[in-house]
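The values are calculated or read from the model by the stated rules, or taken from the named source; none is laboratory data. Please read all numbers here as calculations on a predicted model, not as lab measurements. All accessible areas refer to the heavy atoms of the entire protein, side chains included, with ligands and DNA or RNA removed. Shrake-Rupley method; radii C 1.70, N 1.55, O 1.52, S 1.80 Å.
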Amino acid sequence: MNDTAPHPATAALRVDYRREPLDALLADPRLLAVFGFGDAAPATHVDPRYLHVALPTLGDAPFECWFVDGGIRSGRENGIAFSGDGTLQFGALDVADDDDIETAAADAYARLQTWLANSGYPHPLRIWNYMDAITEGDGDDERYRRFCVGRARGIGRALAAGELPAATAIGLPHRSGRFQLYWLAARTPGQPLENPRQLQAWRYPRQYGPQAPGFARALLPAQTTMPLLLSGTAAIVGHASQHGDSLASQLDEVLANLDSLVVTARAQRPGLAAHFGTASRLKVYVRDAGSLPHVAALLDARLPTDVPRIVLHGHVCRRELAVEIDGSHA
Ligand code: 3EB
């Protein structure tokens, strides 16, 4: 696809959590993408801007909406659902995962590479990866480690640190047989950010697998009208998991890591709010279904009530990690 939509003067992206019916949201010509989570959300929609993510929710979750200024063209091509406004592109694909996540990831990333190179939006800013049984298998056979190998193989070349996207990789708690990949890409590259509290993931030592994961801790888009994009963030300091015995302590470590990313980003972009608030959107992934209410209560105590958040049942990619948070911050 060669998208010839006119360029808006500035790329704007507003992420919002909304409770209107799906068709009302899709009627908005400024809607770039909308995500429904869990069983209560529609599994499919004819509109390529809608994507269902099969992570169970705590209670009745809102839809996640990505809004731009309009001028959107959308469609499906070669199994890829896409929409773009000339500056930003949402895209999604999924591939069969017949118990071989390495091959599934390699296929999906090879298709993504080709697609981005030809779509007019060559720079992936933010990528989400959802897969079955993420921590199944032992040692280097663990499925998350095989996923990292397949992802790197599909991309086909080593990414320079300056071109890594922000990312999330989370396990679906119920088997789907699919590997799901979706992204936000742009005409212009953003600036990947690292976290001074954490080793760069692409430099993780061999003990975490044969292929270090290729993502940046956050990404600051080129335009000041776009939010900071925060990668999936867990209770990892340096490269080591922390507080294996305490969900509450893990959550505090996650929030410390996220605060540190906001401080890092504000050094580049002082206009970003100093703390999470109404301009933030957080998605919280909790390993154990029974812990979702507990995590929600802990967040109620630790975050201002005005921080919109969605609490989801999803598996973090290290067994000892109980919770992970991603999101955006303007
Ligand atoms: C971590 O910090 C936790 O492989 O794309 C977070 C975000 C994690 C993205 C990925 C993995 C990925 O290592 C796991």
Per residue value of the accessible surface for the chain (all protein chains in place, 1.4 Å probe), Å²: 39 Å²
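Please list the three semi-axes, largest first and in whole Å, of the ellipsoid equivalent to the stretch 151-205, using sqrt of 5 times the eigenvalues of its alpha carbon gyration tensor.
23, 16, 13
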Paired Rg and Dmax values of the stretch 14-329, which use every Cα atom, in angstrom: 17.9, 50
The stretch 40-72-the stretch 269-328 distance, computed between alpha-carbon centres (Å): 19 Å
Value of D in µm² per second that Stokes-Einstein yields for the stretch 223-325, Kirkwood Rh from Cα pairs, at 4 °C (1.567 mPa s): 91 µm²/s
Under the Karplus curve 6.51 cos²θ - 1.76 cosθ + 1.60, θ = phi - 60°, whole-Hz ³J(HN,Hα) for the stretch 262-267, x wherever Gly or Pro sits: 5, 4, 4, 5, 5, 5
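Which value, in nm² and rounded to one decimal, describes the direction-averaged projected area of the C-alpha convex hull of the stretch 189-253?
So the mean shadow area of the Cα hull is 5.4 nm².
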Sequence-separation-based contact order of the chain, relative, with Cα cut under 8 Å and 6+ spacing, percent: 17 percent
Computed log₁₀ I(q)/I(0) - Debye formula, equal Cα scatterers, no solvent, the stretch 1-123, q 0.19, 0.22 Å⁻¹: -1.11, -1.30
Estimated [θ] at 222 nm from DSSP helical runs (n ≥ 4, -39500 (n - 2.57)) normalised by residues in the chain, nearest 500: -7000 deg cm²/dmol
Percent carbon-and-sulfur accessible area, the chain, ignoring ligands, DNA and RNA, probe 1.4 Å: 51 percent
Principal axis box of the stretch 150-283, alpha-carbon based, largest edge first, Å: 41, 40, 30
